[in-house]
1. Are any residues in the range 230-244 more than 17 Å from the chain's Cα centre (by Cα) and within 19 Å of Ile200 (Cα to Cα), and if so, which ones?
2. For the range 197-233, enumerate the residues that are among the acidic types (Asp, Glu) and in a loop (DSSP other than H, G, I, E, B).
3. I need the full set of residues from the range 84-102 which are open to solvent by 10 Å² or more (accessible area, probe 1.4 Å), in a loop (DSSP other than H, G, I, E, B) and under 16 Å from Val216 (Cβ atoms), in order please.
4. Whether any residue in the range 298-307 is hydroxyl-bearing (Ser, Thr, Tyr), out of contact with any Cys (no Cβ under 8 Å at 6 or more places or on another chain) and either modelled with pLDDT under 95 or over 25 Å from Lys88 (Cβ atoms) (or both) is what I want to check.
5. Cβ contacts < 8 Å: first residue open to solvent by 10 Å² or more (accessible area, probe 1.4 Å), restricted to the range 227-241; second residue outside any loop (DSSP other than H, G, I, E, B) and among the polar types (S, T, N, Q), any location; separation 6+ or different chain. Result?
6. Considering only residues that are at pLDDT 95 or above and either open to solvent by less than 20 Å² (accessible area, probe 1.4 Å) or among the hydrophobic types (A, V, I, L, M, F, W, C) (or both), which ones fall in the range 217-226?
7. So, of the residues in the range 268-286 that are hydrophobic (A, V, I, L, M, F, W, C) and without any contact (Cβ under 8 Å) to a residue 60 or more places away in the chain, which turns out to be surrounded by the most Cβ atoms within 10 Å (Cβ to Cβ)?
8. So Asp265 ticks every box in (1) open to solvent by less than 20 Å² (accessible area, probe 1.4 Å); (2) modelled with pLDDT of 95 or more but one. Which box is left unticked?
Amino acid sequence: MTGNQTGNEKAQGPKHKRDLTRRKVVVAGAGAVAAVGVGGAVVATASAGTTTKGSAKPLASTSASAGEECYQLTSETTEGPYYIDADKLRRDITEDKEGIPLTLRLKVIDSGTCEPIRDAAVDIWHCDALGLYSGYESFSEGGGTAPTGAPSGEPTGEPPTGEPPAGGGGGGHEEPTSDTRYLRGTWKTDKQGLVTFTTIFPGWYRGRCVHIHTKVHVNGEWTDAGYEGGNTCHTGQFFFDEESVLASAEVEPYSTSTTERTTLDDDTIYDGSGTQGGLLKLKYKKGDIAKGVVGSLTLGVDPEATNTGTDDSVQPGASETTSESASAS
């Protein structure tokens, strides 16, 4: 996936040069790491696109023969400017944010062997129901017209009064402007490669469709201090179909938004490849999405690759590890 940008997304390079071989999850409170392995044994119901000859088999009984891939790699995307490295080790990232409950069930597998990847550190982060990113609220003011159907793609009404977020666009990083950290978290995959997050259905902002950011870190070590070393093997985004987004727009607080919305088809980041491109499989009660949504996906990754989603990323196939660690920002 390329770093195609809307006019609202920043193209400048990173403001700082982070050591991408270093990573640490700061654990708040005693015993937090010990709790990482508890729970999370929920079966994901969606998978990346299959490439095996013949019909696809259940993951548990699938194996890859020599020179044959059983799963395609999940699409890489840019990191976006609003990533905050490993700030919260938790599965419930909701805090006090209002919105439609969302349970996100992910499975991480090696795309070459189909084996689940255990002890990977999975990050997710996304905006709230009104399009605000924690740590970057000052970048997220503005308005337009509330969506009542498929948008035309052209904003109407008064132009935004502030600078809209560019979360998911170019690789340039912005430093946080506040200490809020809602709707961000990191958690550990279990022996089946599974990890589950509790959050809310994301809202939207000008220039992007509804999405969630993710990173997968492997080959590191979980210690009393958190997660250290290793390489970021995947940087991507999860997407929502139009039917679910239009349904969410009828529910408060989403219905109070006055911001122009970009459709999935018009988004510059989603590559149109379905589950391989990060399109979630969603389950919810039709006509009553407010009761909650379950989203699931299997991520096919190359554990030896480094895909940070930034301008200075190492190309896939090159692995970077270190025994050192840097404190989270």
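1. Once the filter is applied, which keeps residues that are more than 17 Å from the chain's Cα centre (by Cα) and within 19 Å of Ile200 (Cα to Cα), the range 230-244 yields Glu242, Glu243, Ser244.
2. Taking the range 197-233 as the starting set, the residues that turn out to be among the acidic types (Asp, Glu) are 221, 224, 228.
Within the range 197-233, Asp224 is the sole residue that qualifies.
3. Within the range 84-102, Asp85, Arg91 meet the criteria.
4. Within the range 298-307, not a single residue is hydroxyl-bearing (Ser, Thr, Tyr), out of contact with any Cys (no Cβ under 8 Å at 6 or more places or on another chain) and either modelled with pLDDT under 95 or over 25 Å from Lys88 (Cβ atoms) (or both).
5. Pairs that qualify, where the first residue is open to solvent by 10 Å² or more (accessible area, probe 1.4 Å) and the partner is outside any loop (DSSP other than H, G, I, E, B) and among the polar types (S, T, N, Q): there are none.
6. His217, Val218
7. Kept after step one, since they are hydrophobic (A, V, I, L, M, F, W, C), are these residues of the range 268-286: 269, 279-280, 282.
Checking which are without any contact (Cβ under 8 Å) to a residue 60 or more places away in the chain leaves us with 279, 282.
Numbers: Leu279: 21, Leu282: 18.
Restricting to residues being hydrophobic (A, V, I, L, M, F, W, C) and without any contact (Cβ under 8 Å) to a residue 60 or more places away in the chain, the top hit is Leu279.
8. (1)
The values are calculated or read from the model by the stated rules, or taken from the named source; none is laboratory data. This structure is a prediction, so every number in the text was calculated from the model and none was measured. Virtual Cβ from ideal backbone geometry, glycine too; neighbours counted across all protein chains shown. Surface accessibility is based on the protein's heavy atoms, side chains included, excluding ligands, DNA and RNA. Shrake-Rupley method; radii C 1.70, N 1.55, O 1.52, S 1.80 Å.
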